[in-house]
Structures are given as C-alpha cells and as structure tokens.
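Undergrad: The following block contains the structure, expressed as structure tokens.
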Amino acid sequence: MRKAVITGITGQDGSYLAELLLEKGYKVYGVARRTSHDAFERIRHLLGKIEMTQADLLDQGSIDDLIRTAKPDEVYNLAAQSFVAASWGQPILTGEVTALGTTRVLEAIRRHKPDTKFYQASSSEMFGSAPAPQSETTPFHPRSPYAVAKVYAHYITINYRESYDLFAVSGILFNHESPRRGLEYVTRKVTNAVARIKHGHQPRLDLGDLHAKRDWGFAGDYVDAMWRMLQQSKPDNFVISTGETYTVRKWVQAAFAAADLDWKKYVRQDPKLIRPADVPVLLGDCARAKKALKWTPKVSFQGLVDMMVRADLERAAKEKAGR
C-alpha cells in the first residue's frame with residue numbers, strides 16, 4: 001500500500017486530494033497544526049479513514065518526525081498562508097510558512113527519505129502582471145507578499161531537485177474553486193452572499209475590483225492533476241488551468257443569475273477592498289499538462305458557478321430553518 005502525506009489537509013484542496021488518494025488505495029496521513037478550534041469541517045467525513053498527525057511548517061523538528069515516522073512514498077505540500085489579501089497584513093508570517101515552510105519539508109525528505117516524491121503547490125499569483133497567457137516558461141512578476149513567498153517555494157523545490165536529485169515537482173495551479181472554498185475568497189464570498197441575499201440573511205454585497213480577470217477551474221479536477229504529476233517517470237513543473245479567463249464582474253453576474261437575482265440591485269463597489277497592488281489578468285496555458293499528464297478540466301465556468309451557488313443555497317436554507 002502506497003503512503004501519502006498531505007500538509008494542509010484541512011483546506012479545500014487537501015480534502016479533495018485525500019478523497020482521491022483513498023479511492024486509489026493509499027494510506028493517507030493528514031497533517032494539521034494544533035489549534036484551539038475545530039478546523040476539520042472539510043474532512044470530517046474522512047476522519048475514520050485517514051491518519052491525522054500534528055506538525056507545523058514553522059517547526060523543523062515536527063516535520064522531521066513526520067517524515068521519519070510515516071516514511072511516505074509521496075508528500076503533497078498544500079499548507080500555506082494562502083490568502084493573498086492577508087499577506088499584506090502578515091508578510092513575515094506568510095514568508096515563514098509559505099516560503100520557508102516548503103524548505104523545511106524538502107529538508108526533512110532529503111534527510112530521512114530521499115526517494116519520496118514531493119509535490120509543491122505553486123500558484124498562478126507568481127505570474128502577477130506578466131503578459132497572458134502564462135505558461136511554464138513565462139517569467140514571474142509577483143505582486144503580493146504571498147506571491148513572492150510562492151516564488152521562493154517554487155524555486156527552492158527546483159533547487160532541491162537539481163541539487164539532491166529529489167523527485168520534486170511544482171504544480172502552478174491557476175484559481176480553483178469549489179463549495180469547500182473559504183469565505184474569504186471572492187468566488188465563495190459572492191456565492192455565499194447570493195444565497196444569503198436570496199434567503200433574506202443580508203441586504204447587499206460589497207466588493208473591490210470587478211475588472212480583474214481570472215482563470216477559474218474546479219478544485220476536484222485540479223487535485224487529479226497533482227497526483228498525475230507524481231506518477232511521471234521524471235519530475236517536471238506544470239501549469240494547471242482551464243485556458244479561459246473571466247472578470248470578477250462576470251462571476252458576479254453568473255452567480256446572481258443562478259439564483260434568479262439581478263446583481264446590480266445588490267452589489268456595491270468599495271474602494272477600501274481594493275488591494276495595494278493587484279493582478280489584472282491571469283490566464284493559463286496548460287498545453288504541457290494536457291499532453292504529458294493526459295489531463296483536462298472537466299467542470300466548466302458556468303458549471304462551477306452553478307455548483308457553488310447551489311451548495312450555498314442549501315446551506316442558507318438550513319440556516320433559515322434553524323438547523
């Protein structure tokens with residue numbers, strides 16, 4: 001039985017990846033740091049099937065113990081301070097967790113089980129203001145502390161691959177969403193607001209820049225690409241995207257329309273929500289992944305919006321019913 005470690009298993013991607021690996025017969029170790037609150041909402045249905053362990057990307061010792069004890073065949077490093085807006089208020093923490101945290105995992109693998117295959121969750125935010133479409137060869141121009149930290153993590157992964165002959169890859173994933181997305185992200189912020197407005201829980205929605213364009217896909221599709229990267233004969237980096245880009249305004253329009261609401265009656269732009277430096281257009285060229293990994297996204301833009309609105313409408317209906 002193959003063994004896999006997932007850091008950040010309590011997040012959106014971690015929960016979908018855990019489901020995928022369990023279906024494939026893996027023994028899955030989920031890594032979560034100690035907190036004073038229950039952070040297992042997304043993986044509660046998996047708690048009897050995965051082995052949870054405590055470790056922290058800020059602590060080298062705990063990561064060493066994890067790799068030495070689990071002896072994994074694969075490690076998926078999904079843990080990070082991953083909210084772009086928060087990285088402006090917490091730039092040092094973002095660097096410690098997102099950048100140096102990756103180094104700590106790689107170093108533990110190098111020391112204790114160098115034949116482990118390692119996946120690093122890189123991000124389309126690394127491209128920043130680079131011209132679209134963006135591919136594996138597009139130069140990075142990060143526009144936030146989060147993106148800068150991800151660029152470091154991306155290159156340290158390549159460095160360990162080249163320096164120590166580790167099977168280490170980076171998946172440069174463009175925006176990927178789902179009903180499990182956190183409420184701080186604009187896609188879920190919108191679909192949750194649509195549902196709450198529909199059920200009378202809130203009067204309006206305040207948003208920042210409606211003109212920013214993003215390449216949005218379904219997280220469940222993207223974790224399949226992660227797994228495929230570690231099944232290759234040689235390690236390489238891959239862009240994972242849909243190859244389509246839409247404005248935040250288009251997402252808003254589609255989400256409100258899915259609930260038979262006129263978005264113009266409820267949405268207000270708030271200049272305070274605009275970031276100090278934003279990324280105007282992200283559009284991925286995933287030709288390499290389609291060819292080498294035999295991967296293609298299955299859920300369309302409209303299908304993704306409908307899926308998330310439907311899930312949030314169900315949540316809001318239960319809230320209204322007092323459950």
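Undergrad: For segment 166-183, enumerate the residues that are open to solvent by less than 40 Å² (accessible area, probe 1.4 Å) and either hydrophobic (A, V, I, L, M, F, W, C) or farther than 30 Å from PRO72 by Cβ (or both). Spell out how you get there, then give the answer.
TA: So the first thing to find is which residues in segment 166-183 are open to solvent by less than 40 Å² (accessible area, probe 1.4 Å), and the list is 166-179, 181-182.
Listed by number, the residues that qualify are LEU166, PHE167, ALA168, VAL169, ILE172, LEU173, PHE174.
Undergrad: Now a separate question. With (1) open to solvent by less than 40 Å² (accessible area, probe 1.4 Å); (2) touching a helix residue (DSSP H, G or I) at 6+ places or on another chain (Cβ under 6 Å); (3) without any contact (Cβ under 8 Å) to a residue 60 or more places away in the chain; (4) part of a helix (DSSP H, G or I) as the list, and VAL97 as the residue in question, which single condition is left unmet?
TA: VAL97 satisfies all of (1) open to solvent by less than 40 Å² (accessible area, probe 1.4 Å); (2) touching a helix residue (DSSP H, G or I) at 6+ places or on another chain (Cβ under 6 Å); (3) without any contact (Cβ under 8 Å) to a residue 60 or more places away in the chain; (4) part of a helix (DSSP H, G or I) except (2).
Undergrad: Residues of segment 71-94 being of a type in the set (A, V, I, L, M, F, W, C), under 25 Å from TYR26 (Cα atoms) and open to solvent by 20 Å² or more (accessible area, probe 1.4 Å), which ones?
TA: The initial filter retains those residues of segment 71-94 that are of a type in the set (A, V, I, L, M, F, W, C), namely 75, 78-80, 83-86, 88, 92-93.
Remaining after also requiring under 25 Å from TYR26 (Cα atoms): 75, 78-80.
If the condition is that a residue be of a type in the set (A, V, I, L, M, F, W, C), under 25 Å from TYR26 (Cα atoms) and open to solvent by 20 Å² or more (accessible area, probe 1.4 Å), then LEU78, ALA79, ALA80 are the ones that fit.
Undergrad: Check SER135, SER144 and return the single one that is open to solvent by less than 40 Å² (accessible area, probe 1.4 Å), at pLDDT below 95 and either in contact with a helix residue (DSSP H, G or I) (Cβ under 9 Å, 6 or more places away or on another chain) or over 19 Å from GLY14 (Cβ atoms) (or both).
TA: On the way: SER135 fails: at pLDDT below 95.
Checking each option against the conditions leaves just SER144.
Undergrad: Can you say whether ASP115 is open to solvent by 20 Å² or more (accessible area, probe 1.4 Å), free of Cβ contacts under 8 Å to residues at least 24 places away in the same chain and outside any helix (DSSP H, G or I), as far as the supplied structure shows? Don't jump to the end; show me each part of the working.
TA: Working: open to solvent by 20 Å² or more (accessible area, probe 1.4 Å): yes; free of Cβ contacts under 8 Å to residues at least 24 places away in the same chain: no; outside any helix (DSSP H, G or I): yes.
When the stated conditions are applied, ASP115 does not pass them.
Undergrad: Does VAL31 fit the bill of being touching a residue at least 40 places away in the same chain (Cβ under 8 Å) and over 21 Å from MET229 (Cβ atoms)? Walk me through it before giving the result.
TA: Details: touching a residue at least 40 places away in the same chain (Cβ under 8 Å): yes; over 21 Å from MET229 (Cβ atoms): no.
It is false that VAL31 is touching a residue at least 40 places away in the same chain (Cβ under 8 Å) and over 21 Å from MET229 (Cβ atoms).
Undergrad: I'd like the full set of residues that are of a type in the set (A, V, I, L, M) and closer than 13 Å to LYS264 by Cα, limited to segment 202-220. Steps first, answer last, please.
TA: If we filter segment 202-220 for residues that are of a type in the set (A, V, I, L, M), which is where we start, we get 205, 207, 210, 212, 219.
Answer for segment 202-220, where residues must be of a type in the set (A, V, I, L, M) and closer than 13 Å to LYS264 by Cα: LEU205, LEU207, LEU210.
Undergrad: Which members of segment 1-35 meet the condition of being among the aliphatic types (A, V, I, L, M) and open to solvent by less than 40 Å² (accessible area, probe 1.4 Å)? Walk me through it before giving the result.
TA: To start, the set of residues in segment 1-35 that are among the aliphatic types (A, V, I, L, M) comprises 1, 4-6, 9, 17-18, 20-22, 28, 31-32.
Answer for segment 1-35, where residues must be among the aliphatic types (A, V, I, L, M) and open to solvent by less than 40 Å² (accessible area, probe 1.4 Å): ALA4, VAL5, ILE6, ILE9, LEU17, ALA18, LEU20, LEU21, VAL28, VAL31, ALA32.
Undergrad: Next up: Please enumerate the residues belonging to segment 144-163 that are closer than 15 Å to GLU107 by Cβ and of a type in the set (S, T, N, Q).
TA: Matches in segment 144-163: THR157, ASN159, SER163.
Undergrad: Let me ask something else about it. Return the total of residues in segment 276-306 being more than 14 Å from TRP251 (Cβ to Cβ) and either free of Cβ contacts under 8 Å to residues at least 12 places away in the same chain or open to solvent by less than 20 Å² (accessible area, probe 1.4 Å) (or both). It would help to see each step written out before you state the result.
TA: At the first step, the residues of segment 276-306 found to be more than 14 Å from TRP251 (Cβ to Cβ) are 276-281, 283-299.
Next, from what is left, pick out any that are either free of Cβ contacts under 8 Å to residues at least 12 places away in the same chain or open to solvent by less than 20 Å² (accessible area, probe 1.4 Å) (or both): 279, 284, 286, 289-291, 293, 295-296.
Of the residues in segment 276-306, 9 are more than 14 Å from TRP251 (Cβ to Cβ) and either free of Cβ contacts under 8 Å to residues at least 12 places away in the same chain or open to solvent by less than 20 Å² (accessible area, probe 1.4 Å) (or both).
Undergrad: Of the conditions (1) in a helix (DSSP H, G or I); (2) in contact with a Gly (Cβ under 7 Å, 6 or more places away or on another chain), ILE67 clears all except one; give me its number.
TA: Every listed condition holds for ILE67 apart from (2).
Undergrad: Any residue at all in segment 45-57 that's over 18 Å from TYR119 (Cβ atoms), buried (at least 24 other Cβ atoms within 10 Å of the Cβ) and out of contact with any Leu (no Cβ under 7 Å at 6 or more places or on another chain)?
TA: No: segment 45-57 contains no residue that is over 18 Å from TYR119 (Cβ atoms), buried (at least 24 other Cβ atoms within 10 Å of the Cβ) and out of contact with any Leu (no Cβ under 7 Å at 6 or more places or on another chain).
Undergrad: Among all residue pairs at least 6 apart or on different chains, which show Cβ distances below 7 Å where the first residue, located in segment 159-172, is aliphatic (A, V, I, L, M) and the second is open to solvent by 70 Å² or more (accessible area, probe 1.4 Å)?
TA: These pairs meet every condition: LEU166/ARG110; LEU166/PRO114.
The values are calculated or read from the model by the stated rules, or taken from the named source; none is laboratory data. No experiment lies behind these values; they were computed from the predicted model shown. Note that we place each Cβ from the backbone using ideal geometry, even for glycine, and neighbour counts take in every protein chain shown. All accessible areas refer to the heavy atoms of the entire protein, side chains included, with ligands and DNA or RNA removed. Shrake-Rupley method; radii C 1.70, N 1.55, O 1.52, S 1.80 Å.
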